[in-house]
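The values are calculated or read from the model by the stated rules, or taken from the named source; none is laboratory data. Since the structure is predicted, the reported quantities are computational estimates derived from the model, not experimental observations. Because the Cβ atoms are built from the backbone with ideal geometry, glycine has one as well, and the counts that use them run over all protein chains shown. Only protein heavy atoms, including side chains, enter the accessible area calculation; ligands, DNA and RNA are left aside. Shrake-Rupley method; radii C 1.70, N 1.55, O 1.52, S 1.80 Å.
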Amino acid sequence: MYIATQNNGKYRYVYLKSTYRENGKVKSKIIKNLGRYDELEKKDPDFLQKLKDKYEAPKVQATLDKENELNKLIASLNDDTTENLQNDLSSNAAPSLCYGIEPIRALWKNDLDLLRFFDYLQKQYSKCEFSISDAVLYLTGYKLVNPSSIYSAFEMKHSFFASPASGLELHDFYRTLDFLSSYKEQIIKYLNKRIDKITNRTYSMVFYDVTNVYFETSLSDEEKDYLDKYMYPEVVSDVDAYLSAKQYPNLESLKDKNILKKYHDLLLLNGFSPDTLFREDGKLRIESLPEELYQEIRSIIYLRMRGLSKEHRYDLPLISIALIIDDKGFPVDYEIYSGNTSEFVSMKPSIEKIKAKYNVKNTVVVADRGLNSTENLKMLLDNGYGFIVAQKVSNLPADIKELMLDNEGYFALKDIPFEKYRYRVIDNYKKINLKNKNSVDCKLIISYSNERYERDIRQLESDRLKAIEAINKSTNITRNRRAWGSLVEVKDSDGGKAVAFNLEQYEKRKALCGYSAIVYHKAPSDDMSDISNEDISQSYHHLVKIEECFRILKNNICLRPMYVYSGPHVRGYVMICYLALICYRLLEYKLSQANTPLSIKAISTALYNARISPFKINDKLMFLHTAVYEDLNSAKGNSTDEEGGNILNINKIMLATGLTPLYKLNTTTNLNSLLKRKCQLKDMLSEDLINKL
């Protein structure tokens, strides 16, 4: 409050006023009218100063007191002299600790119940003396907060508040990967039970796709002669099957020298090297196998192999990952294959494993066109699954293309104009493999989208410009000409210099712009209801969910590049990334349920920026809660809820996971209360960090 004078008519009055803020502006209001200035002055010439001393002096004194308190606080924090400070520049700043793993811990404990589950697995199957549960929680949380390598996670373990990994060594992390590799099936089966309960999952529709990731090494496992020991039993099984087909004894029998001697010449005749068939430890020597058999099993015995890279990293070895997710975007399971395994080949064992493990019935599998073959479609039907799979329109028969380009017979979707989106259905479509004449009866749904047309035209124009540039420069074109290369005519059919623009091919591609197709068949055993044609025409768009999962794995979780190399470590590392993906999806789900939805990027940024800085005041440990305020230039500020109040994204995450947002200034006691922890000081901070405070 303050004293102010103001003219009102012919008299001057004295007022007691106070200030307040409204819509960012400072305003004042009258608390009391103290009287006319002339009358007050007549009674006491010093009245104005006395009023100021009465009402304004306490405020001034309070300000001085605060300044004195602040000076004392600064003195207590900076108790070193300038000379000491110059001698030690290693501890003149408060450390910044990330508490972004705390919401993940809440999910881990309350929703997924993984703390108890990993403790149970460790007690039953492992002799590790460290806590595997803490190691897995930390490695998973680190992938959400600051995704990078296992070594980086070890180096940064003390940069987290109450770090689960504070007492762990680097070799403990790698032993954790071994453990995850060994018990993958039990972990995923348990996770699915928990997610089924949380989301009421039905498995009526699942999405399947394959990607590959590269390693930061120049040599493949085959070039290093590094065998995947994890797959050795499968190799033995395949070799035994080969021997049985030749009517030879199995490998175990051939270890008997008398039996091996009996079949020695026959084995030699059929490409075996019987004298070096086994190593000293009794293991099979791979190089002693016939070339025919070796080519069959090389994708089994070697994991990191060169193959058809989806990111065009043909210079580096790869692994392939087949992923299955549900209609909400939650992962269901995954399989890992050698980098040179075709995605056509990997679909059959992946689906059969899912069927054996979960006994899922009456399910429709949605997949991209890269997996569309008559063999795969027939395999799905044989396993009791329906399918919705993309079909390349350029590969459709001529009569179907003619129907596709005719607007007659198309239907519009509800509330969407015909010219923007339309679809047509061909009920009795027969998909035929032209090589072996195998066929599958199904339904073909063709759709046209104006949005897709604009995208296809942009791509076609880009290809046209590249083709013209190649012609102008007489560029050599390879035999396998796709994309812009298909628009170029060359001197000879085997490839050569680009000489002319292929206008006919250009017009063919232009005519197909905007069109897409899918093939559909309901689950054979589903006698209930069929999916409507309208729903089928839109269902394939949900495949974006699995594409998004791969983007999250690669970009937000940094699944690639990989720096681990042994089979168990590779499999364990993929499991860590898989667990991180589940945590992302679960955070998304809970935030949506709380009506505070956030994108994956917003979640990742919020967890990374969740920081507290510990410091001491008169030997009492305090924690200053800090934040990075983004979007300050926007009208809404950092993040706005539906009621218009600003809420930090980390606070949304805390509330959605059952935790309480931190205060600006926190003690060890209220941190435990807000985070629902029971940490002692030694658990919150490392000893070295405490000594720097």
*Pairs, please: C-beta under 6 Å, at least 6 apart or cross-chain, first residue in contact (Cβ under 8 Å) with a residue 12 or more places away in the chain and acidic (Asp, Glu) and in region 505-527, second open to solvent by 30 Å² or more (accessible area, probe 1.4 Å) and assigned to a loop (DSSP other than H, G, I, E, B)?*
526/362
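Residue by residue, here is whether (1) touching a Leu at 6+ places or on another chain (Cβ under 8 Å); (2) assigned to a strand (DSSP E or B); (3) modelled with pLDDT of 90 or more; (4) surrounded by fewer than 16 Cβ atoms within 10 Å (Cβ to Cβ) holds:
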{"residue": "440", "(1), (2), (3), (4)": "yes, yes, yes, no"}
{"residue": "443", "(1), (2), (3), (4)": "no, yes, yes, no"}
{"residue": "452", "(1), (2), (3), (4)": "no, no, yes, yes"}
{"residue": "460", "(1), (2), (3), (4)": "no, no, yes, no"}
{"residue": "481", "(1), (2), (3), (4)": "no, no, no, no"}
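Given the criterion β-branched (Val, Ile, Thr) and either farther than 30 Å from residue 522 by Cα or open to solvent by less than 70 Å² (accessible area, probe 1.4 Å) (or both), identify the matching residue among 432, 426. Talk me through it step by step, then tell me what you get.
On the way: 432 fails: either farther than 30 Å from residue 522 by Cα or open to solvent by less than 70 Å² (accessible area, probe 1.4 Å) (or both).
Just a single option satisfies the conditions, and that option is 426.
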_Among (1) open to solvent by less than 10 Å² (accessible area, probe 1.4 Å); (2) under 22 Å from the mean Cα position of the chain (by Cα), the one test that residue 132 misses_ = (2)
*Residues of region 483-523 satisfying the condition of being in a loop (DSSP other than H, G, I, E, B) and at pLDDT 85 or above*: 502, 513, 514, 522, 523
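Given the criteria surrounded by fewer than 12 Cβ atoms within 10 Å (Cβ to Cβ) and assigned to a helix (DSSP H, G or I), does residue 399 qualify?
Details: surrounded by fewer than 12 Cβ atoms within 10 Å (Cβ to Cβ): yes; assigned to a helix (DSSP H, G or I): yes.
So residue 399 fits the description; yes.
Could you tell me whether any residue of region 168-186 is in contact (Cβ under 8 Å) with a residue 40 or more places away in the chain, in a helix (DSSP H, G or I) and among the aliphatic types (A, V, I, L, M)? Before you say what the answer is, go through the steps one by one.
In the first step, residues of region 168-186 are kept if they are in contact (Cβ under 8 Å) with a residue 40 or more places away in the chain; the result is 172, 174-186.
Still in the running and in a helix (DSSP H, G or I): 172, 174-182, 184-186.
Subsequent filtering for residues that are among the aliphatic types (A, V, I, L, M) retains 177, 180.
Scanning region 168-186, I find at least one residue that is in contact (Cβ under 8 Å) with a residue 40 or more places away in the chain, in a helix (DSSP H, G or I) and among the aliphatic types (A, V, I, L, M), so the answer is yes.
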*Only one of these conditions is not met by residue 655: (1) part of a helix (DSSP H, G or I); (2) modelled with pLDDT of 80 or more; (3) open to solvent by less than 100 Å² (accessible area, probe 1.4 Å). Which number is it?*
(3)
*Considering only region 664-680, how many residues are surrounded by 11 or more Cβ atoms within 10 Å (Cβ to Cβ) and either out of contact with any strand residue (DSSP E or B) (no Cβ under 7 Å at 6 or more places or on another chain) or in a helix (DSSP H, G or I) (or both)?*
10
_Taking the condition of being out of contact with any Leu (no Cβ under 9 Å at 6 or more places or on another chain) and buried (at least 20 other Cβ atoms within 10 Å of the Cβ), how many residues in region 155-173 meet it?_
1
*For region 245-264, indicate whether the set of residues that are closer than 30 Å to residue 572 by Cα, aromatic (Phe, Trp, Tyr) and either buried (at least 16 other Cβ atoms within 10 Å of the Cβ) or modelled with pLDDT of 85 or more (or both) is non-empty.*
no
*Within region 503-523, track down each residue that is open to solvent by 60 Å² or more (accessible area, probe 1.4 Å) and in contact with a Gly (Cβ under 7 Å, 6 or more places away or on another chain).*
522
_Anything in region 23-74 that is touching a helix residue (DSSP H, G or I) at 6+ places or on another chain (Cβ under 7 Å) and modelled with pLDDT under 80? List them, or say none._
none
*Regarding residue 612, is this residue under 17 Å from residue 98 (Cα atoms) and under 13 Å from the mean Cα position of the chain (by Cα)?*
no
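Among what's in region 151-167 and is free of Cβ contacts under 8 Å to residues at least 60 places away in the same chain and part of a loop (DSSP other than H, G, I, E, B), pick the residue that is farthest from the chain's Cα centre (by Cα).
Filtering region 151-167 for residues free of Cβ contacts under 8 Å to residues at least 60 places away in the same chain gives 152-157, 165, 167.
Right, trim to part of a loop (DSSP other than H, G, I, E, B) and you get 156, 165, 167.
Working: 156: 21, 165: 22, 167: 28 Å.
Top of the filtered list is 167.
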*Give the number of residues within region 382-396 that are open to solvent by 40 Å² or more (accessible area, probe 1.4 Å) and part of a helix (DSSP H, G or I).*
3
_Selection status of residue 148, in a helix (DSSP H, G or I) and among the hydroxyl-bearing types (Ser, Thr, Tyr)_ = no
*Which one is farthest from the chain's Cα centre (by Cα), of the residues in region 18-33 that are closer than 19 Å to residue 8 by Cα and open to solvent by 100 Å² or more (accessible area, probe 1.4 Å)?*
32
_Neighbours by Cβ (under 6 Å, 6+ apart or cross-chain): first from region 4-17, of a type in the set (Lys, Arg); second outside any strand (DSSP E or B)_ = 12/37
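Identify the residue in region 203-231 that is touching a residue at least 24 places away in the same chain (Cβ under 8 Å) and surrounded by fewer than 16 Cβ atoms within 10 Å (Cβ to Cβ) and, among all such residues, is nearest to residue 544 (Cα to Cα).
Of everything passing the filter in region 203-231, 204 is nearest to residue 544 (Cα to Cα).
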